[in-house]
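Accompanying notes for the structure given below.
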Amino acid sequence: MSPAHNSDHGDQPSLRAKREAVFHENVQDALFDYDSAEIRADAQAAIEHAAQYLKENPSIRVQVGDYADGRGSAEYNLALGEERANAARNALIAAGVDADRIQVISYRKEANMHR
């Protein structure tokens with residue numbers, strides 16, 4: 001997930017970097033098993049922690065994204081990635097984060113290679 005603060009426009013780079021670091025300490029990746037979009041127990045714990053942080057910081061909006069590996073077709077991987085991102089989004093909503101603060105995006109393997 002990645003953050004987007006409503007007030008980032010006037011922030012100094014060092015303050016923005018500190019906010020990013022705190023964000024990534026509290027909002028960590030939720031990993032999935034191979035060929036699955038089911039939320040694992042460890043991912044559920046990460047999502048619940050992230051949801052608590054996001055509820056305490058209501059100005060933060062997030063993008064939930066997924067990278068699927070290249071073992072399937074591009075179409076299959078894109079669909080699986082979208083399903084996983086939506087599963088994470090739905091889990092955040094179930095944990096109390098407002099739906100309008102969460103944007104879902106899925107990346108193909110090719111996009112991951114240029115990260």
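The values are calculated or read from the model by the stated rules, or taken from the named source; none is laboratory data. Just so you know, these numbers come straight off a predicted model, no measurement behind them. Methodologically, a virtual Cβ is constructed for each residue, glycine included, from the backbone with ideal geometry; neighbour enumeration extends over all protein chains shown.
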*Residue satisfying all of: in the range 46-86; in contact with a helix residue (DSSP H, G or I) (Cβ under 9 Å, 6 or more places away or on another chain), among the hydrophobic types (A, V, I, L, M, F, W, C) and part of a helix (DSSP H, G or I); farthest from GLU25 (Cα to Cα) among these*: ALA74
*Exactly one of (1) out of contact with any Phe, Trp or Tyr (no Cβ under 9 Å at 6 or more places or on another chain); (2) at pLDDT below 90; (3) within 15 Å of ILE102 (Cβ to Cβ); (4) surrounded by 14 or more Cβ atoms within 10 Å (Cβ to Cβ) is unmet by ALA51. Its number?*
(2)
*asked:* Out of the residues in the range 35-68 meeting the condition of being over 12 Å from the mean Cα position of the chain (by Cα) and charged (D, E, K, R), tell me which one is farthest from LEU80 (Cα to Cα).
replied: GLU56
*Pick from the range 20-66 the residues that are in contact (Cβ under 8 Å) with a residue 60 or more places away in the chain and of a type in the set (Val, Ile, Thr): which of them is nearest to LEU78 (Cα to Cα)?*
VAL64
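Scan the range 60-85 residue by residue and report those that are of a type in the set (D, E, K, R) and over 21 Å from GLU20 (Cα atoms). Lay out the reasoning, then the answer.
Looking only at the range 60-85, we keep the residues that are of a type in the set (D, E, K, R), and these are 61, 66, 69, 71, 75, 82-84.
Hits for the range 60-85 are ASP69, ARG71, GLU75, GLU82, GLU83, ARG84.
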_Exclusive hit being of a type in the set (Ser, Thr, Tyr), part of a helix (DSSP H, G or I), surrounded by fewer than 16 Cβ atoms within 10 Å (Cβ to Cβ) and modelled with pLDDT of 85 or more, set SER36, SER14_ = SER14
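Out of curiosity, is ASP100 modelled with pLDDT of 95 or more, touching a strand residue (DSSP E or B) at 6+ places or on another chain (Cβ under 9 Å) and either more than 19 Å from VAL22 (Cβ to Cβ) or in a loop (DSSP other than H, G, I, E, B) (or both)?
On the way: modelled with pLDDT of 95 or more: yes; touching a strand residue (DSSP E or B) at 6+ places or on another chain (Cβ under 9 Å): yes; either more than 19 Å from VAL22 (Cβ to Cβ) or in a loop (DSSP other than H, G, I, E, B) (or both): yes.
Yes: the conditions hold for ASP100.
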